[in-house]
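The values are calculated or read from the model by the stated rules, or taken from the named source; none is laboratory data. Bear in mind the structure is a predicted one, so any value in this text is a computation, not a measurement. Note that we place each Cβ from the backbone using ideal geometry, even for glycine, and neighbour counts take in every protein chain shown. For accessibility, only protein heavy atoms count, side chains too; no ligands or nucleic acids. Shrake-Rupley method; radii C 1.70, N 1.55, O 1.52, S 1.80 Å.
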Amino acid sequence: MFIDSHCHLDRIDLQPYGGDFAGFVGAARAQQISRMLCIGIDLEAYPAMRRLIEPYPDISLSVGVHPNVTDAREPGVEDLLELGSDAKVIAIGETGLDYFRSQGDLGWQFRRFRNHIAVAKQLNKPLIIHTREAGQDALQVLREEGADTVGGIIHCFTEDWDYAEKALELNFYISFSGIVTFKNAEAIKDVARRIPADRYLIETDSPYLAPVPHRGKPNYPLYVRYVAEHIAELRGVDVETVARQSTENFYRLFAGAFGEAH
């Protein structure tokens, strides 16, 4: 059984499923997807996303505002605390820093990031971290704010082994997306080979970043299997081992939501 630890289910193309979200969920279950973590990126879309996944006990949520979102309501600590207190919400984010799409004075991005960390600590829920061309600064903020007390996930990992070691020291897990299957992603493949078995997760980030052999096409949680298969090949183990280890790691990280003995 596989867990997609990061997907945007309110954004996937349901056309292959006749526009029926329930049909999509059924197809995912049939392909051994045992749980999906649906990630929030702004407050405006969140209520509809929450309603969408309400009927499904095997879909969990995060709540947060992505560092690239600039045309939406700024999340206050009280907003995030209220939404994050929901039992369906198991993580805070995605949050972080992004210098690729945002330029100029980014003080607002840092303030937003620190607010998310404060909320995660108050609620004792792990963080979902997005970082692009801002890796070292993101780690520095996590250190300054004591984020190691809650830990979380460096999602869609695109850094090198040195960075991974620093993230692991801060009590964060590394999540590999379809990028690990790309031919030119050698630094990420190196991390996938070397990371301790108890510290990695797998994800799709669907509908984005489809893995080989679907690269460039819409992505779906069902494709997390390709990520697992590639990591298995890199690590010299079978795909069942990757599925089991990444699932155990997910439930260890989110033991506060699911219990220690899941």
Between residue 74 and residue 257, what is the FRET efficiency for a Förster distance of 25 Å, r being their Cβ-Cβ separation, to the nearest 0.05? 0.40
Whole-Hz ³J(HN,Hα) for each residue in the stretch 207-212, computed from phi via Karplus 6.51 cos²θ - 1.76 cosθ + 1.60 with θ = phi - 60°, x for glycine and proline: what do you get? x, 9, 6, 4, x, 4
Here are labelled values, (1) 17.0, 48; (2) 18.9, 57; (3) 21.2, 70, and one is the computed Rg and Dmax of the Cα atoms in Å for what I pasted. Which one? (1)
Between residue 171 and residue 51, the two model label points (7 Å from Cα along the beta-carbon direction) sit apart by a distance in nm of 3.7 nm
Quick one: putting +1 on the C-beta of Lys and Arg, -1 on the C-beta of Asp and Glu, what dipole do you get for the stretch 1-118 around its Cα centre, in Debye to the nearest 20? 240 debye
Quick calc: nm separation of the 7 Å Cα→Cβ label points for residue 29 and residue 14 -> 1.6 nm
What GluC sites (Glu not before Pro) does the stretch 118-160 have in DSSP loop regions with at most 16 other beta carbons within 10 Å? 133
Phi-derived 3J(HN,Hα) across the stretch 106-119 with the Karplus relation (6.51, -1.76, 1.60, θ = phi - 60°), rounded Hz, x for Gly and Pro, is 9, x, 4, 5, 5, 4, 4, 4, 5, 4, 4, 5, 4, 5
Segment residue 162-residue 149, extension gain: residue separation times 0.36 nm, minus the distance between their alpha carbons: 2.5 nm
Using modelled backbone amide H atoms (1.01 Å from N, in-plane), which distant-in-sequence or interchain residues come within less than 5 Å of residue 6's amide H? 37, 204, 205
Quote the charge dipole size of the stretch 119-242 about the Cα centre in Debye, to the nearest 20; the model charges only the Cβ of Lys and Arg (+1) and of Asp and Glu (-1). 360 debye
Per the Cauchy relation, a quarter of the hull surface: what is the mean projected area of the convex hull of the alpha carbons in the stretch 39-143, in nm²? 6.5 nm²
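Would you work out what percent of the accessible area of the chain, with all protein chains in place, is carbon or sulfur (probe 1.4 Å)?
Carbon with sulfur: 48 percent of the solvent-accessible area.
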Determine the dipole magnitude for the stretch 79-163: charges of +1 sit on the beta-carbon of Lys and Arg, -1 on that of Asp and Glu, nothing else is charged, the reference point is the Cα centre, and the result goes in debye to the nearest 20. 280 debye
For the stretch 159-171, Karplus-derived ³J(HN,Hα) couplings (6.51, -1.76, 1.60; θ = phi - 60°; whole Hz; x for glycine and proline) come out as 9, 10, 5, 4, 5, 4, 4, 5, 5, 4, 5, 8, 6
Dipole check, the stretch 1-88, charges on Cβ (K,R +1; D,E -1), about Cα centroid: among 87, 34, 72 the Cα furthest to the positive pole belongs to 34
Using the heavy atoms of the protein chains alone and a 1.4 angstrom probe, what is the accessible area of the stretch 123-262 per residue in square angstrom? 42 Å²
